[in-house]
Amino acid sequence: MNNNEPVLRIRDLRKTYMQGKIPVHALDGVSFDVNKGELLSIVGPSGSGKSTLLSMIGLLDRPTDGSVFIDDVEITKAKESEAPRIRREKIGFVFQHFNLLSTLTAMENVDIAMRFNGTSKNRRKERAFQLLTKVGLGDRVKHKPSELSGGQQQRVAIARALANEPAILLADEPTGAVDTKTREVIVELLKRLSEKGQTIIVVTHDMDVAQQTDRIITMRDGMIASDTGVAGNEEQGL
């Protein structure tokens, strides 16, 4: 799905680290847009800058230079005190190893994501159940992570990431800890969410996953090496 409405705009993003007296350019002038409902994958070898880029978008780290806009708000200018609110309201995170709280049920793991934004207890419970049903776990809401398969745990993590209706869902190797069959279930879920208007960015080493997304950005040496649609569209101008 592509509504031609940029939810995310990245402009000349740079991140430089110092190794002793030697500058290392983890990001070196990265610019691109992501439209509403787009399912985008970011690929590249280790050290190419893709994880650093995800950290900048997720406001987990700050760039040396450049800008990140979400819904036309420049989040890179946000104060440190504002960062948690922006992450909570604008960004959903999905990680390779699920990061679920082992002592909580699936329902409680989703509920907890909404506890700091003023959502009432009844509404949290209602929305958690709706989201777990949406990801195919309506019959597992009272199960703890140890009682769920890896694929089911990842679906709980996706439901949790969606709890606050984020503008962007950031998925860092979401299929890296599951088997091939489960990988397809997770990818199909992400595709369905995209079709319903959820903007999703997936960082992955798995080209089988990347080939199922709307668009692939390939990174090398902190720069965008290519930016193409999976059907072989011409490279987009940056």
Exactly one of these conditions fails for residue 67: (1) over 24 Å from residue 144 (Cβ atoms); (2) within 14 Å of the chain's Cα centre (by Cα); (3) in contact (Cβ under 8 Å) with a residue 40 or more places away in the chain. Give me its number. (2)
State which residue pairs qualify: first residue more than 13 Å from residue 223 (Cα to Cα) and inside the range 21-32, second residue among the polar types (S, T, N, Q) and surrounded by 14 or more Cβ atoms within 10 Å (Cβ to Cβ) in any location, beta carbons under 9 Å apart, and separation of 6 or more residues or different chains. 23/16
Given (1) of a type outside the set (Asp, Glu); (2) within 18 Å of residue 70 (Cβ to Cβ); (3) not in a strand (DSSP E or B), identify the lone condition not met by residue 51. (2)
Within the range 57-79, can you find the residues that are within 17 Å of residue 167 (Cβ to Cβ), in contact with a Lys or Arg (Cβ under 6 Å, 6 or more places away or on another chain) and not aromatic (Phe, Trp, Tyr)? 59, 67, 70
Residue check: is residue 191 touching a strand residue (DSSP E or B) at 6+ places or on another chain (Cβ under 7 Å), basic (Lys, Arg) and touching a residue at least 40 places away in the same chain (Cβ under 8 Å)? yes
Among the numbered criteria (1) touching a residue at least 12 places away in the same chain (Cβ under 8 Å); (2) farther than 25 Å from residue 186 by Cβ, which single criterion is violated by residue 85? (1)
Report yes if some residue within the range 52-66 is exposed (fewer than 15 other Cβ atoms within 10 Å of the Cβ) and in contact with a Pro (Cβ under 6 Å, 6 or more places away or on another chain); otherwise report no. no
Name the single residue that is surrounded by the fewest Cβ atoms within 10 Å (Cβ to Cβ) among those in the range 76-111 being in contact with a helix residue (DSSP H, G or I) (Cβ under 8 Å, 6 or more places away or on another chain) and among the β-branched types (Val, Ile, Thr). 86
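Each value in this text was obtained by applying a stated rule to the coordinates, not by laboratory testing. Being a predicted model, the structure only gives us computed values, none of them experimental. FYI the Cβ positions are ideal-geometry reconstructions off the backbone, even for glycines, and counts take in every protein chain you see.
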